[in-house]
């Protein structure tokens, strides 16, 4: 059996890549994709722990499916926002979207 | 109209509770308990005792006449009554809840509709030296009350954690003792948090401003019932849970209450707007309630609870009357009126009754309540008792000045066309007048019920001492 | 003769009860009743008057008693409504029912055609009920309740013609001024309650006599109670409301502001006499205030020109005289004076009312020679005036002499001398309206004046009769004459059932007090009738004094200045403080501070998405690290 640490390292790496993407990218679509990466990192964690700690109950798996479902809905919503943004400002560069204050 | 029916049903139910409350048995009656959130120990636990029974009746009466007074509201009528009824739901909820969580929940429910009611249906006014918009009044009122709620909420959670029995049930929590330091601190939280709603000086300014901005029925409910929520909170939660805290802070409460009485009366004397006069008189009268609580004597607290009832009815009547006058004259400046008793006979007569109650005329409910408060205060501290009596005399000064200026004297030509209150308004206000006289002449049924609720409370307070 | 089937003492509560019922009936049904309910009120007080005789008879055959019912209980106290039947209260019952009955009948004529005729009688009934309750009360609580109720009736009746600004102001002034005194009374009562835990008078008096209360507190309480009496009985310096109270209808002035309510203060001091007996300093205060009041009242009565105000100041002076007698320990003398004064002063007012009703004027300078037009009024008025001046054998003579004896025995010669001066002045000031109004030349504009209808003159005649004979009650042979039991000898003996104390009658004093009165009347005759000494020349000679008197010693102006400059200024200051400091600084200040803080802090918000994301990431990391370090 593959040791749990491998999964954790994989998941941590994936998460960090995602985080980097979120922070460093300027393109809204890429940021969304990076968020997906982070979510998947979490999913890996969930499934890994679940199968190791309580293999018969599939709790982590169920949870992961929830996360995927919610993520899909979220991306749908976010992409819709991005499209509206593009229509309005002909740009999806988050640098230029700074009226989200006061 | 649905709300009229609802109002009537509320009144009838309240009367039913009041009449069927068995003072000989005392304690909590009409109780009902269902677990709601077991994990947190929140349960739907309601019931009334000698203190809340009169409050329930008060709400019923004020609501009933408030609905009839607002009969002529024709701007978004439905919304108005929805909010009004929500508010009343909250008020009833506070008075009957025996669970801290629900008590707080209803407390907020009662406070928040006020914002919309004042903001939408209120009236802005400009005075020679300053202006008060309705938005200002509504905002100030809401912020104040929310600030009070925050203190209360913090203290509630502290109690919950400190007790550690996983229950919000007041009766359960009362059985426990709390460390002294804890009581000192959090009684203060309750005292100020609830005190804000009761118009405690110096946190009283929301009250006159709020009244000035609010529409008639809201003023009635607000001064008549809502301010009582604060006082009720102090006695039910504060004094009920923290006997030692109550004793420690009693002198402070006594001083603040006396300041309320005298300061409110003196401020009322200088006001030129009818609603401000009544608003400050409310501040002054709530002072008697606080003084009564601070005596920690059965007599004084009895008086305070009766004063809550009496003042509720009286001030509702006052605001109803001011509303009636304002509806017709469209001004509230005392200086402009003269001799309108000639055109508004019924209104003048009712105003006189309310005024006389306010200045503590025997035979009307205010006297009985104030007398008991004074008796209690004299036993605690003669000096503050004397100040209280003087405050009552000051009330006479401003009430009579107002009566003399506005209603008596020669009728000024400007008011030739004024009409008296309609039948419906007369009926609504007549109910209040009748209650004032009844309680003043025959307070026995009230005193028996209140006494049965106050005695155990004070008994617990004194066993700790 | 047993009185088993006849109503006795235990029925006494019906006397005020009937009037209260009448009030309720008139308020609710008045408009539909014949005479707008006036007959209901009169019947009630009439029945009360009849009942009074039964109660009196019962009292004469048995001992004083109290009856009470519980009003409500509160913790360990039980507040009661009760009545005490003793000579003092029965005496007052008699005075109040008889005078009120006479005056209500008189009002039928006087108030005829008034738009608020029914309301007038409703308040009259309420007043009668509260006044009777006041004299019957056996505890201080009920006494205070009824005390305030008579006050409010007085307010309502003074302001009866509220369309007149002056009436509305006078009503307010009367209520507020008496209320000042009532504050003292209430505080006194509450201190007693704190000391003894009861409002019951007999318990309190017993405790006081036993010495259960320290002398200091007792003196304080007695003075506080007297403060209440000062307000109600218009004693200096709280007397200013009574002359203004003349804005009310004249029968009201007669009943409330002459015969009964203003005498309630005297009654209160008499009732609490056991307290004053053990507080000698308080008694001195009563005497001094009484003396001051009587002098002020009688000097001011000399210069007023309004007929009713003259009588009002006379009332003040007489009330002061009663207080002086009380302060000298002349308990029975004061009560005798109260009774006789009730009759002749009510009569004076009714006479004045009759004149006003017929001429429509109140200023005595516009009157003269009216006796030809209104003989009954003139005769009864003069009877009352002579009674007031204190000529034998009218009632005022006896009561005045008894009071003088008490004063002579208890006070220093100076006080006694001043009391005699007051006697002289009162004869002089009452001579003035009597001569000026009824004698001399008839003014042409008063040619239409006519005698009042019988409904007004008959009560006046009845009161005149009482003014003449009520003084004879002092004699010990009165009781046996009516075949009454041996206890009832004379007035003093009646009031002091416990310790019989017959009335003394000092011939020397009687002679020179009579001489003083006659001299004063003679002087009045010379000045006001013969004009041998012209009033105008006196006025010129003493212009300064006259100005001070006409301005009522500037007391009204002084009070007005205090109200304007001090009270209102202070309240404006407080209101301003409330608005500027508490509200604008404390409340809005907090709000502004919050807003300002937000205004400053918002520059830390860039609005850039990745700034927030970075903050979230760093924050989370930080929390995780901290969590690790801690655990």
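The values are calculated or read from the model by the stated rules, or taken from the named source; none is laboratory data. Since this is a predicted model, take the numbers as computed values, not measurements. Cβ coordinates were reconstructed from backbone atoms using ideal geometry, including for glycine residues, and neighbour counts include every protein chain displayed.
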What helices (runs of 4 or more DSSP H) completely inside the stretch C:398-510 contain at least 2 residues that are modelled with pLDDT under 80?
C:478-481, C:491-495
Test for residue C:172: is it surrounded by fewer than 21 Cβ atoms within 10 Å (Cβ to Cβ) and facing chain B (nearest Cβ under 7 Å):
no
Quick one: residue B:43 ticks every box in (1) surrounded by fewer than 22 Cβ atoms within 10 Å (Cβ to Cβ); (2) at pLDDT below 70 except a single one, so which number is it?
(2)
Which condition from (1) modelled with pLDDT of 80 or more; (2) within 25 Å of residue B:42 (Cβ to Cβ); (3) crowded, with 19+ Cβ neighbours inside 10 Å is the one that residue B:173 breaks?
(1)
Mind checking which residues of the stretch C:563-580 are more than 9 Å from every other protein chain (Cβ to nearest Cβ) and closer than 20 Å to residue B:209 by Cβ?
C:580
Exactly one of C:217, C:191, C:213 is surrounded by 19 or more Cβ atoms within 10 Å (Cβ to Cβ), part of a helix (DSSP H, G or I) and either more than 10 Å from chain B (Cβ to nearest Cβ) or modelled with pLDDT of 85 or more (or both), and that residue is C:191
Scan the stretch B:245-253 and give yes if some residue there is farther than 25 Å from residue B:114 by Cα and within 14 Å of another protein chain (Cβ to nearest Cβ), otherwise no.
no
When the residues of the stretch A:51-102 are narrowed to those that are over 24 Å from residue A:40 (Cβ atoms) and out of contact with any helix residue (DSSP H, G or I) (no Cβ under 9 Å at 6 or more places or on another chain), which ends up farthest from the other protein chains (Cβ to nearest Cβ)?
A:56
Quick check on residue C:611: is it at pLDDT 75 or above, farther than 30 Å from residue B:136 by Cβ and loosely packed, with under 12 Cβ neighbours inside 10 Å?
no
Inspect the stretch B:278-298 for any residue being at pLDDT below 85, under 23 Å from residue B:456 (Cβ atoms) and in a helix (DSSP H, G or I) and give the result as yes or no.
yes
Going through C:46, C:30, C:37 one at a time, which residue ends up being at pLDDT below 80, more than 14 Å from chain B (Cβ to nearest Cβ) and surrounded by 17 or more Cβ atoms within 10 Å (Cβ to Cβ)?
C:37
When restricted to C:273, C:321, the only residue at pLDDT 85 or above and buried (at least 24 other Cβ atoms within 10 Å of the Cβ) is C:321
Which members of the stretch C:38-66 meet the condition of being closer than 24 Å to residue C:142 by Cα and in contact (Cβ under 8 Å) with a residue 60 or more places away in the chain?
C:41, C:44, C:45, C:48, C:63, C:64, C:66
Can you name the helices (runs of 4 or more DSSP H) wholly within the stretch B:344-437 that have at least 2 residues being within 26 Å of residue C:71 (Cβ to Cβ) and away from every other protein chain (no Cβ under 11 Å)?
B:345-358, B:365-380
Just need a number here: residues in the stretch A:59-99 that are surrounded by fewer than 12 Cβ atoms within 10 Å (Cβ to Cβ) and over 22 Å from the mean Cα position of the chain (by Cα).
5
Within the stretch C:377-388, is even one residue over 19 Å from residue C:525 (Cα atoms), in contact with a helix residue (DSSP H, G or I) (Cβ under 6 Å, 6 or more places away or on another chain) and surrounded by 21 or more Cβ atoms within 10 Å (Cβ to Cβ)?
yes
In this structure, does residue C:257 turn out to be more than 12 Å from every other protein chain (Cβ to nearest Cβ), within 18 Å of the chain's Cα centre (by Cα), at pLDDT below 85 and not in a helix (DSSP H, G or I)?
no
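Here's the yes/no breakdown for (1) without any contact (Cβ under 8 Å) to a residue 12 or more places away in the chain; (2) within 17 Å of the chain's Cα centre (by Cα):
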| site | (1), (2) |
| --- | --- |
| C:143 | no, yes |
| C:178 | no, yes |
| C:209 | no, no |
| C:216 | yes, no |
| C:224 | no, yes |
| C:248 | no, yes |
If only one of A:34, A:50, A:11, A:56 is over 12 Å from the mean Cα position of the chain (by Cα), buried (at least 18 other Cβ atoms within 10 Å of the Cβ) and free of Cβ contacts under 8 Å to residues at least 40 places away in the same chain, which one is it?
A:50
Inspect all residues belonging to the stretch B:368-380 and state whether any of them is more than 25 Å from residue B:409 (Cβ to Cβ) and surrounded by fewer than 23 Cβ atoms within 10 Å (Cβ to Cβ).
yes
Tell me which of these residue B:333 doesn't satisfy, since it passes every other one: (1) surrounded by fewer than 24 Cβ atoms within 10 Å (Cβ to Cβ); (2) closer than 18 Å to residue B:123 by Cβ; (3) in contact with a helix residue (DSSP H, G or I) (Cβ under 6 Å, 6 or more places away or on another chain).
(3)
Conditions first: (1) more than 9 Å from chain B (Cβ to nearest Cβ); (2) within 23 Å of residue B:348 (Cβ to Cβ); (3) under 13 Å from the mean Cα position of the chain (by Cα). Residue C:122 passes all but one, so which condition is the exception?
(3)
Scanning the stretch C:542-557 for residues that are closer than 17 Å to residue C:299 by Cβ, surrounded by 11 or more Cβ atoms within 10 Å (Cβ to Cβ) and free of Cβ contacts under 8 Å to residues at least 12 places away in the same chain gives C:542, C:545, C:547, C:548, C:551, C:554
Test for residue C:599: is it within 14 Å of chain A (Cβ to nearest Cβ) and either closer than 30 Å to residue C:435 by Cα or part of a helix (DSSP H, G or I) (or both):
yes
